[in-house]
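See structure below.
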Amino acid sequence: MIRGLRGAITIESDQPELVWDETARLVREVVAANNVDVDDIASIIISTTPDITSAFPARSVRLMDGWQFVPVMCMHEMDVPNALPLCIRVLIHANVEVAQKDVQHLYLNEAIKLRPDLAQA
């Protein structure tokens, strides 16, 4: 059954290395928390707030060992006043054997503010 696995993370500044490192960290942690194998991933959508322009976050996923065939797409989030800045969000579509209510969504760094009800410590 395909489920959507969500996560978000913030970076301290718009630097390519931070975009790539924190995106890879977020994806790895969401996948690990949900016991997902790369072959069970159908696709990944990554969005960034409009203040992130230095690098494509999808690059970090494509460079992860064994992940080069996972379809990944990047886009910008809506530019809403007072939105959390410097935020990277992921939506991973994966085959998992758990109920929707049991999916583990991760919100890291300042992104915990987005969904404190779902954030993992």
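Computed over neighbours whose Cβ is under 15 Å from that of V36, the net charge equals -3, Lys and Arg +1, Asp and Glu -1.
Pop out the carbon and sulfur fraction of the accessible area of segment 63-106 as a percent, whole number, probe 1.4 Å.
Working: 1680 of 2870 Å².
The C+S portion of the solvent-accessible surface of segment 63-106 is 58 percent.
Computed on the chain, with alpha-carbon pairs under 8 angstrom and 6+ residues apart, the relative contact order is 42 percent.
Based on DSSP, what percent of beta bridges with both residues in the chain are antiparallel, to the nearest 5? If you can, show how the numbers build up before the last one.
Working: 16 of 24 bridges.
If I count the DSSP bridges inside the chain, around 65 percent turn out antiparallel.
Give the accessible surface of the chain per residue, rounded to a whole number of Å², with probe radius 1.4 Å and ligands, DNA and RNA excluded. Could you put the intermediate results ahead of the total?
Values: 6800 Å² over 121 residues.
The answer is 56 Å² per residue.
The heavy atoms of R25 offer some 80 square angstrom of accessible surface to a 1.4 angstrom probe. In order along segment 73-90, the Karplus-derived 3J(HN,Hα) couplings, from 6.51 cos²θ - 1.76 cosθ + 1.60 at θ = phi - 60°, round to 9, 10, 7, 8, 6, 4, 8, 9, x, 6, 5, 4, x, 6, 10, 10, 10, 10 Hz, and Gly and Pro are given as x. State log₁₀ I(q)/I(0) for segment 12-108 at q = 0.14 Å⁻¹ as given by the Debye formula over alpha-carbon point scatterers of equal weight, solvent excluded. The computed values of log10 I(q)/I(0) come out as -0.51.
Using the rule -39500 (n - 2.57) for each DSSP H run of four or more residues, divided by the residues of the chain, the 222 nm mean residue ellipticity is -6000 deg cm²/dmol.
Sorted by average packing, counted as other Cβ atoms within 10 angstrom per residue and highest first, what order do 83-93, 98-108 take?
Working: 83-93: 19.8, 98-108: 15.0.
My ranking of the peptides, most packed first, is 83-93, 98-108.
Between the helical axis of 16-33 and the longest alpha-carbon principal axis of the chain there is an angle of about 30 degrees.
Packing-based ranking of 61-69, 27-35 yields 27-35, 61-69, ordered from highest to lowest mean Cβ neighbour count within 10 Å.
The values are calculated or read from the model by the stated rules, or taken from the named source; none is laboratory data. Note that the coordinates shown come from a computational prediction; the quantities given were computed from them, not determined experimentally. No Cβ is skipped: glycine too gets one built from the backbone with ideal geometry, and neighbour counts run over all protein chains shown. To get the accessible areas, we keep the full protein, side chains included, count just its heavy atoms, and leave off ligands, DNA and RNA. Shrake-Rupley method; radii C 1.70, N 1.55, O 1.52, S 1.80 Å.
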